[in-house]
Every structure is written in C-alpha cells, then in structure tokens.
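What follows is a single structure, written as structure tokens, with notes after it.
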Amino acid sequence: TQLLEQSPQFLSIQEGENLTVYCNSSSVFSSLQWYRQEPGEGPVLLVTVVTGGEVKKLKRLTFQFGDARKDSSLHITAAQPGDTGLYLCAGPNSGYALNFGKGTSLLVTP
Amino acid sequence: EAGVTQFPSHSVIEKGQTVTLRCDPISGHDNLYWYRRVMGKEIKFLLHFVKESKQDESGMPNNRFLAERTGGTYSTLKVQPAELEDSGVYFCASSQSRGRSYGYTFGSGTRLTVV
C-alpha cells in the first residue's frame with residue numbers, strides 16, 4: 001500500500017492569513033488529486049496534478065506536484081471562512097483505486 | 001447533471017443484523033467505486049465496478065460484505081451479519097474515465113453505526 005502522510009493534521013487560522021498543507025509519500029505516484037470535504041458531504045475534487053513539478057492554480061489555491069512525484073502541497077492565499085473544511089490528497093495505486101491521506105482539517109475564523 | 005446519490009444517509013443497526021446500502025452513480029459513468037472511512041482512519045478503497053463487472057475487490061474486508069451492480073446501473077453493498085467494527089461512513093463514487101487524470105464524483109456517504 002502506498003501511504004500518503006498529510007500535515008498538519010489540524011490548522012486554525014484567521015481570515016486573511018496564508019497557509020500551506022503538505023502531502024508526502026515514500027512512493028512515486030503517476031498523479032495526485034486534492035479533494036475538499038465538508039461535514040456530511042463526500043469529498044469534492046479540486047485538482048489533479050500529473051507531471052512532476054507541475055503547478056496548478058484555482059483562484060486563491062495553488063497546488064504543486066513534487067519533481068519526483070512523491071509529494072504535493074496546497075497553498076491558500078488570503079484564506080476565507082469559506083475555505084474551512086477537510087483537505088484530502090489521494091493517489092492511484094497500481095490499479096484504479098485511490099489511496100487517501102488522513103487529511104488536514106482547516107478552520108478559518110473571521 | 002444529477003450527482004452520485006447514496007441512501008440511506010444514516011443507518012443504525014444492531015450487531016448481527018443485515019444492512020444494505022445503495023448507490024446511484026452519475027448516468028453514463030461506467031466506473032463505480034465503494035470506499036469506507038472508519039473513525040480516525042483514512043478513506044479506504046473497498047471495490048471497483050466497471051459496468052456490472054467487479055474489476056477490483058481487493059479492499060473488501062471479508063466475506064460478510066457483498067457488492068452487486070446489476071445491469072451496470074445502481075450498486076448495492078450488503079453487510080451480513082454486521083459487526084461493531086463495520087461502523088463508519090461508506091462512500092460511493094463514479095467516474096467516466098479510467099485514465100491518469102480521471103476524477104471521481106463522490107456521493108455524500110452513508111453513516112453506518114453498528115451497536
């Protein structure tokens with residue numbers, strides 16, 4: 001099983017602050033996905049990164065895939081209360097199943 | 001388009017009883033997946049259907065779990081008999097493509113509590 005370690009586990013910040021969360025593995029992944037999950041809902045796909053070194057931007061969210069395709073980061077600029085949620089990274093195993101990290105629980109307070 | 005629908009949203013059953021969870025994928029999505037999150041753990045893969053065929057069931061915990069997808073449309077996941085450790089949130093997801101950049105659409109999940 002290809003494990004994905006996410007850090008930090010919990011993060012509480014004020015509106016307007018910047019933050020970065022990390023997803024690390026000792027294994028190489030062909031791609032990594034980031035999801036956001038809110039209470040009582042399923043994960044919602046934010047982005048898929050495929051190429052080592054790739055950077056993708058989604059409004060105030062910037063996603064980066066490590067050069068060696070073993071890690072990824074999510075940076076949020078000027079966080080807003082609407083960014084509150086559980087951020088999950090996931091990567092495919094040798095088949096088509098996804099391995100998930102435990103997630104980073106983000107709380108943004110006004 | 002309608003999303004992935006799961007029901008019931010919550011189920012509380014006694015140990016030893018049977019429970020059947022249902023998932024309706026997005027219309028036209030051949031790939032259907034079941035995942036489970038046990039409290040304190042990460043979301044874990046259970047199995048993968050392509051149309052009505054089981055492509056990968058390596059994540060199924062044991063033979064108390066039975067998944068079906070008759071006609072390649074909706075899927076059911078039956079737990080019989082349920083044990084305490086089966087408690088968790090069961091997610092269903094569907095996707096159209098199995099390529100490297102495929103994206104899943106998840107349902108809201110069924111929260112199963114076995115008492």
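The values are calculated or read from the model by the stated rules, or taken from the named source; none is laboratory data. All figures in this text were calculated on a predicted structure; none of them were measured in a lab. Quick reminder, even Gly has a Cβ in these numbers, built from the backbone with ideal geometry, and neighbours come from all protein chains shown.
A few points about this structure:
- Positions within the range B:19-46 being part of a strand (DSSP E or B), out of contact with any His (no Cβ under 9 Å at 6 or more places or on another chain) and not hydroxyl-bearing (Ser, Thr, Tyr), in sequence order: B:VAL19, B:LEU21, B:ARG22, B:CYS23, B:ASP24, B:ARG36, B:ARG37, B:ILE43, B:LYS44, B:PHE45, B:LEU46
- Flag for B:HIS48 being touching a residue at least 12 places away in the same chain (Cβ under 8 Å), loosely packed, with under 15 Cβ neighbours inside 10 Å and within 11 Å of another protein chain (Cβ to nearest Cβ): no
- The single condition among (1) within 27 Å of B:LEU46 (Cβ to Cβ); (2) surrounded by fewer than 18 Cβ atoms within 10 Å (Cβ to Cβ); (3) of a type in the set (Lys, Arg) that A:ARG36 does not satisfy is (2).
- Sole exception among (1) buried (at least 20 other Cβ atoms within 10 Å of the Cβ); (2) in contact with an Asp or Glu (Cβ under 7 Å, 6 or more places away or on another chain); (3) without any contact (Cβ under 8 Å) to a residue 40 or more places away in the chain; (4) of a type outside the set (S, T, N, Q) for A:PHE63, by number: (2)
- Restricting the range A:94-110 to residues that are facing chain B (nearest Cβ under 8 Å) and touching a Ser or Thr at 6+ places or on another chain (Cβ under 8 Å), the residue that is modelled with the highest pLDDT: A:ASN99
- Restricting B:GLY3, B:GLY71, B:GLY88, B:GLY16 to those that are away from chain A (no Cβ under 12 Å) and either closer than 20 Å to A:ARG36 by Cα or buried (at least 17 other Cβ atoms within 10 Å of the Cβ) (or both) reduces the list to B:GLY88.
- Checklist (1) touching a strand residue (DSSP E or B) at 6+ places or on another chain (Cβ under 6 Å); (2) within 14 Å of chain B (Cβ to nearest Cβ); (3) closer than 30 Å to B:ARG111 by Cα applied to A:GLY40, failing item: (1)
- Residues that are outside any loop (DSSP other than H, G, I, E, B), under 26 Å from A:LEU3 (Cβ atoms), in contact (Cβ under 8 Å) with a residue 12 or more places away in the chain and not small (Gly, Ala, Ser) within the range B:56-69 comprise just one, B:PHE65.
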